[in-house]
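Okay, so here's the structure we're looking at.
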Amino acid sequence: MLTLVGWTLFVWATRVRNIIGDDELVGGARVWRLGVAALFVVFAVALLAVRRLWPDRSIVVLGPFVVFTIGYWLVRGTGIILEDHDLGFTIVHTILMVVSIGLAMWAWRRRAG
């Protein structure tokens, strides 16, 4: 679980920095992207808090976190692959997708531990 949390915080903190630094991204597009990033960060922090305070209830946060992670990356990652992006962008995001989905599945499989 902690690996998924760490990875998520790394990926989405980096994404927030990129969003804020993109002067061409304004209005609703910026708000939407920041909202998605915030949701991932909230899931990660909530899982840490629940795991620490009520370890036997971690599944309550882990389940939705895993579903959201896998669902988001399947939709967005597939979109990135199919859209007209440069090769480097596509490769980086495909790696982010594969690692994120893999860690989510791994965390779910190890949830009892």
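Quick notes
- In plain terms, the chain from ALA38 to PHE10 could stretch by 8.8 nm, reckoned as 0.36 nm per residue minus the Cα-Cα distance.
- Relative contact order (percent, whole number), region 17-113, Cα cutoff 8 Å, 6+ residue spacing: 23
- Percent carbon-and-sulfur accessible area, region 16-108, ignoring ligands, DNA and RNA, probe 1.4 Å: 70
- Peptides 53-60, 9-16, 64-71 ordered by average Cβ neighbours within 10 Å, highest first: 64-71, 9-16, 53-60
- Our coupling estimate for region 25-42, obtained by passing each phi through the Karplus curve with A = 6.51, B = -1.76, C = 1.60 and θ = phi - 60°, is 8, 9, x, x, 5, 5, 4, 4, 5, 5, x, 4, 4, 4, 5, 4, 5, 4 Hz, Gly and Pro reported as x.
- Gaussian network model of the chain, springs between alpha carbon atoms under 10 Å - residue of LEU25, LEU74, LEU96 with greatest fluctuation: LEU25
- Helix-derived mean residue ellipticity, 222 nm - over the chain, DSSP H n ≥ 4, -39500 (n - 2.57), to 500: -29500 deg cm²/dmol
- From the largest down, the chain spans 44, 26, 18 angstrom on the principal axes of its Cα atoms.
- Full extension of the chain between ASP84 and ARG52 gives 7.2 nm of extra length, using 0.36 nm per residue less the Cα-Cα distance.
- Residue of GLY27, GLY79, GLY35 that the Gaussian network model of the chain assigns the largest fluctuation, springs spanning Cα pairs under 10 Å: GLY27
- Nearest 10 degrees, 0 to 90: helix 2-21 Cα axis against the chain principal axis: 30
- With the simple spin-label model, which puts each label point 7 Å out from Cα in the Cβ direction, the ASN18 to ILE95 separation comes to 1.2 nm.
- Calculated accessible area for the chain comes out at 64 Å² per residue, all protein chains present (probe 1.4 Å; ligands, DNA, RNA ignored).
- Projected label points at VAL75 and ARG109, each 7 Å from Cα along the beta carbon direction, are separated by 2.6 nanometres.
The values are calculated or read from the model by the stated rules, or taken from the named source; none is laboratory data. Just so you know, these numbers come straight off a predicted model, no measurement behind them. When we count neighbours, we look across all protein chains shown, and the Cβ atoms used for this are built from the backbone with ideal geometry, even at glycine. What goes into the accessible areas is simple: the full protein's heavy atoms, side chains included, and nothing from ligands, DNA or RNA. Shrake-Rupley method; radii C 1.70, N 1.55, O 1.52, S 1.80 Å.
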